[in-house]
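Only one structure is covered here, and it is reproduced in the block below.
What follows draws every value from the coordinates through simple rules; no lab data is involved. A quick note: this is a predicted structure, and the numbers were derived from the prediction, not measured. Please note: Cβ atoms are built from the backbone with ideal geometry, for glycine as well, and neighbour counts cover all protein chains shown.
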Amino acid sequence: MKSVVVDGSYTHTLNIPDEWEFSELKNVINLVGGNQPPKSKFLYEASDNTIRLIQIRDYKSDQHKVFIQKSDAKRFVNKTDVMIGRYGPPIFQILRGLEGAYNVALMKAEPVLGSYDKDFLYYYLSNQDIYNYVNSASDRTAGQSGVNKEHLEKYPVPVVPLAEQQEIVRQLDVMLAQVEQIKARLDAIPAILKKFRQSVLAEAVSGKLTEEWRGTSELIGWHNKTLGDIAIVKTGKTPSRKESKYWENASIPWLTSSATGNNFTDSADEFISDVASKECNLTPFPKGTLLLAMYGEGKTRGQVTELLIEATCNQACAAILVNKEIAHTSFVKIRLLENYEVIRKAASGGNQPNLNLNKVREIDISLPTLDEQFEIVNIVKSLFVYAYKIEETVQSAQKRVNLLTQSILAKAFSGELTAEWREQHQELITGINSAESLLAKIQAEREASKPVKKAKKVK
C-alpha cells in the first residue's frame, strides 16, 4: 500500500495499492479553460453557421440555450468530455453530456496520452476528498466562489493501469445505478405520504373515518355550519415601523403569514411593545388560536397554524378562536387543512388575490357531535404519527444512501473494489501495462514536447 498526505486547509491521506502510482494532477491531466464571447454576439436561434455556447446552467436545463457564430468559437467540448464548473455555488461541479463551444465558467479535463479513461476520470473527480480540497482553497471573484486552478493542479492523483480503470468503471456503473434506483424509490415516498395525509383528511371531514365508530355510514348528528357560526374570526395589524416605541423593549410575539408554514407555532421572529398593543389595539390571541394566511401567492395563502403561545399578528392573518362548546379546535384545523385548495381559490383581487375576514367566516364545515370530533381527531393523529415515522425512516435512509455513493467511490479509488481483480489479472497491470510504465511514458512525452532552448551565440 502506498500513501501520501495532502497538506493544506483540507489535510487528508490518500492510500493506493502498490501497483498504482501517484502524480500531480497537472502532469497527467490538462485543464483547459473556456472562452467568453461578448454578450453582444449571443444568438438565441440555431443556424448552419452557429454553434451552441455551453454554460454551467445548461447541464441542468435546456431552457436558456445560447448560440454563437462558429467563427467566434475557440474552445470545443463533446458529450464524452469531462467538464469542471469553475464557479458556484457549488464550485467544482463535474459535468458531461453536452457538445458545442464552452465558456469561461467551464474547464475541460483532458487526460494526457490517454492516461485516463474518461468515465474513470468523471467518477474520480466526483469524489468527496478532491471536492473538499478544491473548496478549501476556493477563490472569490465578483461575489462568486471559484476554483483555484493552480491549487487543483497540485493535487496528487492516482495513475492506474488502463485495464483496471475500465474494470473500476464497470463495477461503479453497476453499483451506482443500483444506488440511483434506491434514491428514486426513496424520493418517491414523500409524494405518496402527501397523498396519504390528504386522503386521511378527506375521509375525516366526510365521516368515513368514523363509520365503524358510529356503527353506520349515515352522518347522524352532523350539521352544516360555516366557520363564522362556530368561531370568532379577527385579524391584526402592523404597527408603524416609524414609531420606535412600538418595536423597542418589545416582548409580545407578533406574527406574519410566514408563521402559517408550520402546523404549530411556538415562537416569533418579531415582537411589539406594550405601548403598541394598547395604542394599536393589538390584544394577543390565546394559545390554541388558529391563524389562517389570507395573503400570499405561492403556497402561503390558505395555510393554517395553531398557536402554542400567546401572540398577535398582522393584517395578512385571520385569527380563528373556536367556540369549544361547539367544536374541537383540532377538528376545525383538520377541515381547514383538507380544504386548502378551495380556500385559496376563494381569494379575489387583481394580480395578487387575497382573502378577507368575510370569506374566511364563510368557509363551510360539516360538524359532527363533539364526541365524534374527538374520535376523528384521535384517529387522524395516530395515522399522521404513523406517516411521520415513515418520513423519519425515509429521511434517515436518504442520508445513508447519499453517504453510500461517496463510500463506494472511496473504495474504488483506494483500489479496494478491484483487489481481487488485480490478483486474477496480473498480466494486465504489469510490464508495459503497468501504472509505472504509463507514467514513465507520459513523463517522457512531456519532456519531449517542451520547447528546445536555442543556444546563445558566442560573440
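Structure above, values below:
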| quantity | calculated |
| --- | --- |
| The chain: angle of helix 162-206 to the longest principal axis, Cα-based, in degrees nearest 10 | 10 |
| Cα-Cα separations in the range 162-308 greater than 20 Å, expressed as whole percent | 71 |
| Reduced Cα scattering model of the chain, Debye log10 I(q)/I(0), q = 0.06, 0.12 Å⁻¹ | -0.50, -1.05 |
| Dipole magnitude of the chain about its Cα centre (Cβ charges: Lys, Arg +1; Asp, Glu -1), debye to nearest 20 | 2080 |
| Degrees separating the helix 435-449 axis from the principal Cα axis of the chain, which is the longest one | 70 |
| Shape of the range 301-382, Cα gyration tensor, a/c cut at 1.5 | prolate |
| Degrees separating the helix 370-413 axis from the principal Cα axis of the chain, which is the longest one | 10 |
| The range 330-382 and the range 241-320: distance between their alpha carbon centers, rounded to Å | 19 |
| 14 Å tail of the calculated P(r), the range 343-434, as % of Cα pairs | 83 |
| Stretchable slack from K194 to E341, in nm (0.36 nm times residue separation minus alpha-carbon distance) | 51.5 nm |
| Overall dimensions of the range 33-185 as given by Cα atoms, namely Rg and Dmax in Å | 16.9, 48 |
| ³J(HN,Hα), Karplus 6.51/-1.76/1.60, whole Hz, each residue of the range 118-128, x for Gly, Pro | 4, 5, 4, 4, 4, 5, 4, 5, 8, 7, 5 |
| Neighbourhood net charge (10 Å Cβ-Cβ; Lys/Arg +1, Asp/Glu -1) for I320 | +2 |
| Positive minus negative residues near Q198 (Lys, Arg vs Asp, Glu; Cβ under 15 Å) | +4 |
| Spacing of the two label points (7 Å from each Cα toward its C-beta) at Q181 and I379, in nm | 3.9 |
| Per-residue HN-Hα couplings for the range 102-109 [Karplus 6.51, -1.76, 1.60; θ = phi - 60°; Hz; x = Gly/Pro] | 10, 8, 5, 7, 10, 10, 9, 8 |
| Residue-span extension gain [E24 to Y388] - 0.36 nm each, minus C-alpha spacing | 126.1 nm |
| Hydrodynamic radius by Kirkwood, which averages 1/r over all alpha carbon pairs of the range 223-367, in angstrom | 15.4 |
| Sequence ranges 243-256, 169-182, ranked by mean other-Cβ count within 10 angstrom, highest first | 243-256, 169-182 |
| Cα centre as origin, Lys/Arg/Asp/Glu Cβ charges: the range 223-367 dipole, Debye | 320 |
